[in-house]
Each structure stands twice: as structure tokens, then as C-alpha cells.
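First up is the structure itself, then whatever we jot down about it.
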Amino acid sequence: DLHSFPTRRSSDLGCMVRYVIRGKDVLKSLSVADGAGSFVSNVYRPFIRNMKSPYPRVTTALREFTCEYVDEETAKQVCVSVESLININGKDTFIIQDKYVVNASGAIEVFSVLTPLKKILQNMDCFGKQLRLHNEFGNVEYYGNGDGDNYIDMCEHTQVGFYSANVDKTFELFNALQEAGNRTNVHFLVARDNDGDGIVISAVKVPFQTRVSPYSDKEIYDSYHNGKKPKQSGVYIDVNAFVSGIGTNNDGNPLPQYVIRSGEHMLHFTLSPIV
């Protein structure tokens, strides 16, 4: 029902766990015991240089959660503010402050700020949100740089345009799973099922980077090591404020001009139902 609030957020987890459009729950949630990871913050990716060490243990602890209901003559809104603590490999590392403005139409404005707890931290892979959709929402269209993979250090060959892709083909050229499918300068992305229902993710002021995958980052990492291709577990859509370069120098890190330094970073986009 697009005239009611089609979302549900968990005040225990501080994350969105449902997004319902015409009776279809677009987000594919895990159980609360398993983390309910359907709309989560992301600061790592299955980046090739991370393959040399175990996949990082990233946990999120809710610090503050407030919800304000606004009922005016012109609009009905719910404003949700969340502050979370990001722990990486046993160390408290970042504070993430999220604000969600949910409109009665089903549109959600998402504003997220990442702040490091220390002034000097390691270089970063990415910062953004990862959405986990049900398997059927794998028909993707976007306006941005395409039509193949591109990163900030390899996008000169791309052109801005309107492109389509299917999540089933993300890894069809790879014998071993690894990171693939990033797109830069994305202004909006549409994910649909075969009925045409789905969501639109739109940048606000600054384009985002995106990556669409049928596997979680952990599944990609594990597959790279064990050689076993997993079954599709969802449609994972990254909406990133930034993604570092992948061109490497002798120590296995991105070249200096494509490194993202730790600091305060912001992400701003809207999530809307297709109508």
C-alpha cells in the first residue's frame, strides 16, 4: 500500500528490515539472530588485496535511536535518527549517524555521515549502504558510467549513459569469484522484478558509485578461497559515497592518487517505489 508507510525499522538493530511495495517485500531480511542484514552500512568490499588476510570482522552496535512522527496538512512523515558504533576486528573504529525521512508515498530520504574515532586510520575501501533484495529483483537499469566495470582509476574508457544489466551476468566472465561490477558517477538506479515492480535509488546532489551482485561480500571472499560457487542468496546493491581505486603498486595497495583517506564522509540518496 503506497499510501501507508511501507517500511519497518528495528529499534534493536537500527537497520531497515522491510520495504513493502504492492504487497511485495523488496528487502530480503535475515532473522534478527542472524543480523537482519538487508540495509546495512558497508566499509569493506571483497577487494583483491584483502584476500591475503581473513575477511574483517565488522560488527555494528546501536547507540541511539529516535523516531519522530510528523503529521501536517501537506505531508505525513516519519523521521528516524540512528547512531551506530562500527567495530572492526575487535576495535571501535567509526561512528555512523543516519537520518531517514520516510514519506507516506513510500519514498525514503537517506542521509548518512561516517566519522572516524581516531584522526589517523588506515586507508578505506568504501563507505556506503548495501541493500539485500529478494532474488527476483535482479533486472537493473542505471544512468551513469558504463557499460562495463569501472572505478575511479579506470573509467576513462566509459561514457555517461543509460544502461541495463542483469545480476545473473555479473560473474559470468570469472572462473573464480572476485569483486566485479562497480559503476561510477551513477545518478540513479532501478531494480525490478519480471512484473516491473521494484525500487528507484536516486542520488541527491552528488552521484554515487554502485555494485550489484547475487552474492554477499563474505560469500565472494569465501568462494575465492575454496573455489566453490555459492547459490544466489539475494540481489546485493551497494550505494557508495566512494570506492577506492583498484590499480596497485608494488605493496598491493591502490596507487596514491586513488587512495581514499580515513575522515568524515557523507552519503545522501533517496529510495522510492516504482509507480
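All of the numbers you see were taken from the coordinates with simple rules; none came from a lab. The structure presented is a predicted model; accordingly, all values stated were derived computationally and were not measured. Note that we place each Cβ from the backbone using ideal geometry, even for glycine, and neighbour counts take in every protein chain shown.
For LYS169, go through the lysines and keep the ones whose alpha-carbon is under 20 Å away, minus same-chain ones fewer than eight residues off.
LYS218, LYS228, LYS229, LYS231
Using the alpha-carbon centroid of each, what span in Å lies between region 90-136 and region 187-219?
Using only Cα atoms, the two centres lie 15 Å from each other.
Go ahead and run the numbers for FRET between VAL204 and LYS119, Cβ-Cβ distance against an R0 of 35 Å, rounding to 0.05.
Result of the calculation: an efficiency of 0.80.
Which part of region 80-102 falls in the paramagnetic zone of ARG57, meaning amide N under 19 Å from the point 7 Å along Cα-to-beta-carbon?
Within reach of a label on ARG57: 85-94.
Kindly identify region 57-184 as rounded, prolate or oblate by the Cα gyration tensor criterion: order the square roots of the eigenvalues as a ≥ b ≥ c, call it rounded if a/c is under 1.5, otherwise compare a/b with b/c, prolate if a/b is larger, else oblate.
oblate
Sorted by average packing, counted as other Cβ atoms within 10 angstrom per residue and highest first, what order do 154-162, 137-145 take?
By packing density, highest mean first, the sequence is 137-145, 154-162.
Which lysines, if any, have their Cα less than 16 Å from the Cα of LYS91, not counting same-chain residues under 8 positions apart?
Once the sequence-local lysines are set aside, what remains near LYS91 is LYS118, LYS119.
Quick one: putting +1 on the C-beta of Lys and Arg, -1 on the C-beta of Asp and Glu, what dipole do you get for region 40-187 around its Cα centre, in Debye to the nearest 20?
Using only the charged Cβ atoms, the result is roughly 820 debye.
Per 0.36 nm of contour for each residue apart, how much would the distance between ASP153 and PHE242 grow if the chain were fully extended, relative to their Cα-Cα spacing?
30.8 nm
Counting Lys and Arg as +1 and Asp and Glu as -1, each charge on the Cβ, what is the dipole of region 138-237 about the Cα centre in debye, to the nearest 20?
Dipole of region 138-237, to the nearest 20 debye: 160 debye.
What is the calculated FRET efficiency for PHE174 to THR66, with r their C-beta to C-beta distance and R₀ = 41 Å, to the nearest 0.05?
0.40
Can you give the extra length, in nm with one decimal, that the chain gains between ASN103 and HIS268 once fully stretched, where that is 0.36 nm per residue apart less the Cα-Cα distance?
That pair, ASN103 and HIS268, stretches by 57.8 nm at full extension.
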